[in-house]
1. In cubic angstrom, how much convex hull volume per residue do the alpha carbon atoms of the range 54-190 span?
2. Suppose every K and R has +1 on its Cβ and every D and E has -1 on its Cβ; what is the size of the dipole of the range 114-244 about the Cα centre, in Debye to the nearest 20?
3. Taking the range 3-135 on its own, what percent of its Cα-Cα pair distances exceed 18 Å?
4. Which residues' amide hydrogens lie under 5 Å from the amide hydrogen of residue 39, considering only partners 5 or more residues apart or on another chain, with H built in the peptide plane?
5. Along the charge dipole of the chain, which of 38, 98, 220 sits closest to the positive end, that is, farthest toward it, with unit charges on the beta carbon of Lys, Arg, Asp and Glu (+1, +1, -1, -1)?
6. For residue 171, which sequence-distant residues (separation of 5 or more, or a different chain) have an amide H within less than 5 Å of its own amide H, given hydrogens modelled in the peptide plane?
7. Within the range 60-142, which GluC sites (Glu not before Pro) sit in a loop by DSSP and count at most 16 neighbouring Cβ atoms inside 10 Å?
8. Which whole-number value in Å² is the accessible area per residue of the range 72-166, probe 1.4 Å?
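The values are calculated or read from the model by the stated rules, or taken from the named source; none is laboratory data. Keep in mind that this is a model prediction, so the values were computed, not measured. Counting neighbours? That spans all protein chains shown, and the Cβs are built from the backbone with ideal geometry, glycine included. These area figures cover heavy atoms from the full protein model, side chains too; ligands, DNA and RNA do not enter into them. Shrake-Rupley method; radii C 1.70, N 1.55, O 1.52, S 1.80 Å.
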Amino acid sequence: MSEQGDLQIRPDADGVAHALAEAFVRAAGDAIAERGVFNVALSGGKTPRAGYELLATEPYRSQVDWSKVYVYFGDERCVPPSDERSNYRMAEQAFLGAVGVPRENVHRIRGEIDPGFAANEYASLLRTALGNAPQFDLVLLGLGEDGHTASLFPGTLPQVDDGALVRAVDAQPEGIWRVTITPRVINSAERVVFAVEGAEKASIFATVYAGPKDPMRYPAQLVAPSSGNLTWLVDTAAASALPR
Ligand code: 6PG
C-alpha cells in the first residue's frame with residue numbers, strides 16, 4: 001500500500017458502490033468478531049448513498065449483525081433531521097431504517113441546535129461512548145471538487161494535533177454551518193475508506209492523491225491514518241487524470 005493509501009479502481013459508479021458495501025461488511029465482520037461491536041462513522045454525499053442502499057439488500061444485508069453496529073456521522077449539516085440536506089436523513093432513508101440497527105445505536109449530530117453546542121455535545125458523546133481518544137473501526141469519506149472531505153473545507157488548519165474531536169464549521173459555499181469530526185479522529189480510525197466517482201472528480205482526485213501535499217488547500221490530504229488502513233474506492237472516470 002502506497003503512502004497515499006490502497007487505490008482500488010472500479011469500472012463505474014455501481015462498482016464503487018458495491019466496493020463500499022463490501023468494505024463495510026468486511027470491516028463490520030472483523031470488528032464484531034474481534035470485539036463484539038462495530039463503530040462506524042458515515043459520510044454524507046451522493047457517492048456513499050449508493051453503497052448504503054446496497055447494504056439494505058442481499059447479499060450484503062444478511063452478512064452484518066446489525067444489532068452490534070453503532071452508527072455515528074463524520075459530519076452533518078446544521079439543519080433539522082427532517083431536512084433533505086441532512087446526512088442523517090439520507091442514511092436513514094438509504095439503509096438505517098431498513099436493516100434493523102437498534103435506534104439507540106444510531107448517534108446523529110443534532111443539526112437543529114446551535115452549531116457550537118452541537119459540536120461540543122457530539123464530542124462529549126464520542127468521549128463517553130468511545131473514550132477520550134475515539135477510534136472508529138471504519139470512517140467513510142467522500143471527496144468534494146474543492147478537495148474537502150467530511151466538512152473540512154479549504155483553509156482548514158492542519159490542526160491534526162489539536163484537542164478538538166469535533167468542530168463547528170461555517171461552510172460558506174452553502175451558506176450554512178456544519179459540524180465535523182476532526183482529522184485527529186479520522187486518523188485514529190482502524191480503516192478509512194474514500195469513495196469517489198465521476199469525471200468531475202478526476203482533477204481533484206489526481207491532485208489530492210498524487211499531487212504535492214498542500215493540506216490547507218486540499219483538506220482531504222489531512223487524511224493519513226496513524227496506524228489504520230486508508231483505501232480509495234474510485235471509478236475509472238474519477239481516476240482518469242492520474243499520472244501514468
Ligand atoms: C457531505 C460529505 C461531503 C461529501 C463530498 C462529496 O456531507 O456531503 O461529508 O464531504 O463527501 O462533498 O460528495 P459527493 O460524494 O456527493 O460528491
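1. 119
2. Numbers: 9 positive and 14 negative charges, 66 e Å.
That gives a dipole near 320 debye.
3. Values: 5000 of 8778 pairs.
Looking at the range 3-135, the distances longer than 18 Å represent 57 percent of pairs.
4. 70, 137, 138
5. The residue sitting farthest along the positive end of the dipole is 38.
6. 176, 177, 178
7. Counting only loop positions with at most 16 other Cβ atoms within 10 Å, the GluC sites (Glu not before Pro) in the range 60-142 are 84, 112.
8. Counting only protein heavy atoms, the per-residue value for the range 72-166 is 41 Å².
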